[in-house]
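The values are calculated or read from the model by the stated rules, or taken from the named source; none is laboratory data. Fair warning: this is a prediction, and the values are worked out from it, not measured in the lab. All Cβ positions, even for glycine, are placed from backbone atoms using ideal geometry, and neighbour counts span all protein chains on display.
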Amino acid sequence: MRLFIAIDLNFSMKEELIYLAKQIKINSDRCSLTNEDNLHLTMAFIGEYDDPKKVISALGNISFNEFDIALSHIGYFDRRGEMLVYAALEKNKELSSLRNKIASALKNESINFDNKKFLPHITLARRVTGTDKEDIDRIKPEKIKMTVNEFHLYSSDLSGKRPVYTILSSFKAI
């Protein structure tokens, strides 16, 4: 089972992200936009793991208070001549703290996950070609904010035309 931990986005945040994704599409020859139902903020990617109950147990002891996150800017990763374009979030101590708690909980239970440096972002488009970085830099998000009061353990099914994400468990702020 393919697992990841993420924060869902509220309607206002998704609405802005959908608008930004459309701007990317207009400014490129080709791209694959993230389906609006799948927009989320990944906190940890576990990948293939056959014991979601162990992950749920590990995450169940995490406590955190509600906090706000806000969009910052549009960024991109260059991947062999194609770009992955994302919406970055403003620096946030509470978000970093939650990420650290999630990482510690997984490590304490010997649950492997992608532990590269945490860059809080929401993927808008993959395989973007036919645009230059200056076009992407001109796309400016509104400073939309939202309150984070829970995170989720998801499974992802990649067998269809689009990924299907299913919430396996939710973890609420205190």
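Being closer than 24 Å to Met83 by Cα and either of a type outside the set (Asp, Glu) or in contact with an Asp or Glu (Cβ under 7 Å, 6 or more places away or on another chain) (or both) is a condition met by no residue of region 53-66. Residues in region 12-58 that are within 20 Å of Asn115 (Cβ to Cβ) and hydroxyl-bearing (Ser, Thr, Tyr): Thr42, Tyr49, Ser57. The number of residues in region 117-140 being within 11 Å of Tyr86 (Cβ to Cβ) and either at pLDDT 95 or above or part of a strand (DSSP E or B) (or both) comes to 8. Number of residues in region 142-174 that are in contact with a His (Cβ under 7 Å, 6 or more places away or on another chain) and at pLDDT below 95 equals 0. Residues that are in a loop (DSSP other than H, G, I, E, B) and either under 22 Å from Asn92 (Cα atoms) or among the β-branched types (Val, Ile, Thr) (or both) were ranked within region 1-47; the one that is nearest to the chain's Cα centre (by Cα) is Leu39. Any residue in region 74-88 that is farther than 16 Å from Ala125 by Cα and either out of contact with any helix residue (DSSP H, G or I) (no Cβ under 6 Å at 6 or more places or on another chain) or crowded, with 17+ Cβ neighbours inside 10 Å (or both)? No, region 74-88 contains no residue that is farther than 16 Å from Ala125 by Cα and either out of contact with any helix residue (DSSP H, G or I) (no Cβ under 6 Å at 6 or more places or on another chain) or crowded, with 17+ Cβ neighbours inside 10 Å (or both).
With the structure loaded, tell me whether Ala70 is at pLDDT 95 or above, hydrophobic (A, V, I, L, M, F, W, C), touching a Gly at 6+ places or on another chain (Cβ under 8 Å) and closer than 27 Å to Cys31 by Cβ or whether it fails that test. In short, no. Of everything in region 154-170 that is closer than 25 Å to Ala103 by Cα, out of contact with any helix residue (DSSP H, G or I) (no Cβ under 9 Å at 6 or more places or on another chain) and not polar (S, T, N, Q), the residue that is surrounded by the fewest Cβ atoms within 10 Å (Cβ to Cβ) is Leu158.
Of Phe151, Phe113, all but one fail to be crowded, with 16+ Cβ neighbours inside 10 Å, aromatic (Phe, Trp, Tyr) and part of a loop (DSSP other than H, G, I, E, B); the exception is Phe113.
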